[in-house]
1. I need the shape label for the range 100-139. Rule: rounded when a/c is under 1.5, else prolate if a/b > b/c, else oblate, with a, b, c from the alpha carbon gyration tensor.
2. Percent relative contact order of the chain, based on C-alpha pairs within less than 8 angstrom and at least six residues apart?
3. Can you compute 3J(HN,Hα) from phi for each residue in the range 42-56, using the Karplus curve 6.51 cos²θ - 1.76 cosθ + 1.60 with θ = phi - 60°, rounded to whole Hz and x for Gly and Pro?
4. Which of rounded, prolate, oblate describes the chain, given a ≥ b ≥ c as roots of the alpha-carbon gyration tensor eigenvalues and a/c under 1.5 marking rounded, otherwise prolate only if a/b is larger than b/c?
5. Among 67-73, 78-84, 142-148, what's the highest-first ranking by average C-beta atoms within 10 angstrom per residue?
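Every number in this text was worked out from the coordinates using simple rules, so none of it is lab data. Small disclaimer: the values here were computed from a predicted structure and weren't measured. No Cβ is skipped: glycine too gets one built from the backbone with ideal geometry, and neighbour counts run over all protein chains shown.
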Amino acid sequence: MANVILTGANQGIGYFLAEQLLQDGHRVAVLDVDTDRLEPLSQAFPARFLSYRVDVCAEEEMRAAVKAAVEAFSSVDAAIHNACFCPFGKEADTDLSVYAQAFRVNYYGGLRLAKCVLPYMREKRRGRILFASSGVGVTGFPGLSPYASTKGALESLAKCLRLEYASQGISFHVIHPPLTRTRSAAPLPVPPAFMADPETVGRRLARRIFANRFILCPSLGQKLQTLACYCFPLKMGGLLAKMTARSASMEQT
């Protein structure tokens, strides 16, 4: 049984990730700015589920919630940053404040979570921290520069900290889900047929978060696509952009 702290799980991938972890016997504490949809988990797993209404941009809120979760569970074995802000728009139409907010939630939210849990993990000399990344953080994608930039930054952060903490029993990982039908992805000009089911993605990821690999994917197909993105970032980015534009054009006709 592992003790897991998870940000961004009121709905979408995070919700089903939390539910599957609970069904597999783990303890889960969810930190989210909204917690209104978590009641089914509270009722089904009253002894192993906690939720805290927390803004990942607020350091003191994060610190207090993590402290409470660790006191309730006695330790933290894994921390997953899944909360995200995904604005869509071309750079020319996007104010600098939008970029700043994306970094506050996506990048600094992950860093805040890490800084909150690391003291407890260092004390035990064990633990793992996972950041939800994205293929567009590797390849780029038109209209997603605020979001994609934060994911690229998280990738670099995870690599640096994985090296820093390798001798202390603490590992860092990045999660690469496919493009999924979630609220954050709703503004994207991508046909629903191109998007994966959040329940399927969340449940598959739950079974992989304790793997030793740096890059964690919910399926073999997603793993192969992610590896292709790392090997040929601009080619894959251009290909995905063309496929998306072509499909959107066909749907309009």
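1. In terms of gyration-tensor shape, oblate.
2. Result for the chain is 19 percent.
3. 4, 6, 7, 9, x, 8, 10, 10, 10, 9, 9, 7, 9, 8, 5
4. Judged from the Cα gyration tensor, the chain comes out prolate (a/c at least 1.5, a/b above b/c).
5. Ranked by mean Cβ neighbours within 10 Å, highest first: 78-84, 142-148, 67-73.
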